[in-house]
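Written below as structure tokens is the structure these notes are about.
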Ligand code: BV8
Ligand code: ZN
């Protein structure tokens with residue numbers, strides 16, 4: 001894939017000491033995980049306020065659990081793609097590296113990224129509303145599922161109107177505002193507070209790059225918009241960094 005990188009971007013790839021990669025559903029699209037707002041998006045069939053909210057869960061736990069079981073089935077059958085693997089190979093190239101994701105599919109960890117900030121939780125984890133115990137059970141004796149304490153189980157993801165896991169966003173924001181190279185990969189830049197990270201990076205003086213087949217809500221902030229698929233572009237970026245740093 002012949003990609004034109006600007007001189008400024010090549011400079012940043014060669015010299016950056018602190019890098020942040022922030023990903024959204026697009027980084028898992030080539031693995032077969034439907035995105036949220038794309039043509040085949042999950043929100044096309046369902047509407048977020050009908051499903052990804054605590055109110056929806058209270059109103060109709062069966063429907064919400066059905067939706068998460070449907071998505072878990074998809075995620076259990078798929079593998080990371082070259083984009084995940086390229087990102088997993090990046091940390092040793094920098095003095096400081098932070099990976100933050102909005103995704104709940106866990107694919108970065110499967111690809112070998114061991115330090116991932118999961119802003120919106122993890123779809124495979126259940127949490128008890130009563131005792132807060134967590135587990136990764138998939139087969140339930142009853143439906144909607146109950147905890148061994150008798151409390152109701154919920155998917156351990158962050159729904160709209162809910163706070164992010166304590167400290168997760170603060171850690172991501174601190175990394176974004178102090179890095180010198182920020183990659184926004186496969187996100188439409190719609191959901192807050194995750195969508196404010198590129199702005200924090202920009203304000204902190206970072207070179208901000210976006211990898212996405214189309215422009216998004218945050219493209220106006222970026223120094224470089226690489227139009228294309230992350231599974232194709234991230235491996236090229238990884239190779240360029242290695243090349244440029246060998247020559248150093
Ligand atoms: C919060 C987990 C404080 C669940 C998700 C009004 C009322 C109430 C709240 C709000 C409001 N206005 C704003 C808010 C805040 C709200 C929000 O942002 N709403 C938006 C919709 C306006 N945010 C919240 O509620 C957050 N909490 O603010 O707490 C608070 C507390 C109380 C009251 C108020 C505030 C919590 C947000 C978390 C919601 N949970 N998911 C689940 O997954 O089931 S969000 C969901 O969207 C996913 O996590 C997903 O990651 C996220 C963002 O979507 P993207 O990842 O960007 O995916 P999308 O499909 O949109 O885009 C994919 C992109 O990939 C596209 O650009 C496409 O072009 C590109 N692409 C496609 N293929 C490829 C590709 N790119 C590269 N390569 C490819 N091959
Ligand atoms: Zn319990």
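Listing for the model above:
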quantity: Only listed residue being over 19 Å from residue 230 (Cα atoms), crowded, with 19+ Cβ neighbours inside 10 Å and either over 15 Å from the mean Cα position of the chain (by Cα) or in the same structural domain as residue 244 (by TED's automatic domain parsing) (or both), chosen from 64, 116; calculated: 64
quantity: Single residue of segment 36-53 satisfying the filter (within 17 Å of residue 192 (Cα to Cα) and at pLDDT 80 or above) that is farthest from ligand 1 (Cβ to nearest atom); calculated: 53
quantity: Those residues of segment 132-165 which are within 15 Å of ligand 1 (Cβ to nearest atom) and touching a residue at least 60 places away in the same chain (Cβ under 8 Å), in sequence order; calculated: 154, 155, 157, 159, 160, 161, 162
quantity: Residues satisfying the stated conditions in segment 214-248, i.e. assigned to a helix (DSSP H, G or I), in contact with a helix residue (DSSP H, G or I) (Cβ under 8 Å, 6 or more places away or on another chain) and within 17 Å of residue 23 (Cβ to Cβ); calculated: 221, 230, 231, 232, 233, 234, 235, 237, 238
quantity: Qualifying position, being within 16 Å of ligand 1 (Cβ to nearest atom) and in contact with a strand residue (DSSP E or B) (Cβ under 9 Å, 6 or more places away or on another chain), among 129, 119; calculated: 119
quantity: Failed criterion for residue 190 (all others in (1) farther than 19 Å from residue 87 by Cβ; (2) surrounded by fewer than 17 Cβ atoms within 10 Å (Cβ to Cβ); (3) free of Cβ contacts under 8 Å to residues at least 40 places away in the same chain hold); calculated: (3)
quantity: So residue 147, is it farther than 30 Å from residue 236 by Cβ, surrounded by 14 or more Cβ atoms within 10 Å (Cβ to Cβ), within 16 Å of ligand 2 (Cβ to nearest atom) and modelled with pLDDT of 95 or more; calculated: yes
quantity: Set 105, 156: member being within 16 Å of ligand 2 (Cβ to nearest atom), surrounded by 14 or more Cβ atoms within 10 Å (Cβ to Cβ) and not in a helix (DSSP H, G or I); calculated: 156
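Yes/no matrix, rows are residues, columns are (1) at pLDDT below 95; (2) surrounded by fewer than 16 Cβ atoms within 10 Å (Cβ to Cβ); (3) at positive phi:
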| position | (1), (2), (3) |
| --- | --- |
| 194 | no, no, no |
| 205 | no, yes, yes |
| 220 | no, yes, no |
| 231 | no, no, no |
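The values are calculated or read from the model by the stated rules, or taken from the named source; none is laboratory data. It should be emphasised that the depicted structure is a prediction, and the values quoted were computed from it without experimental measurement. A quick note on method: Cβ atoms are made from the backbone with ideal geometry, for glycine too, and the neighbour counts reach across all protein chains shown.
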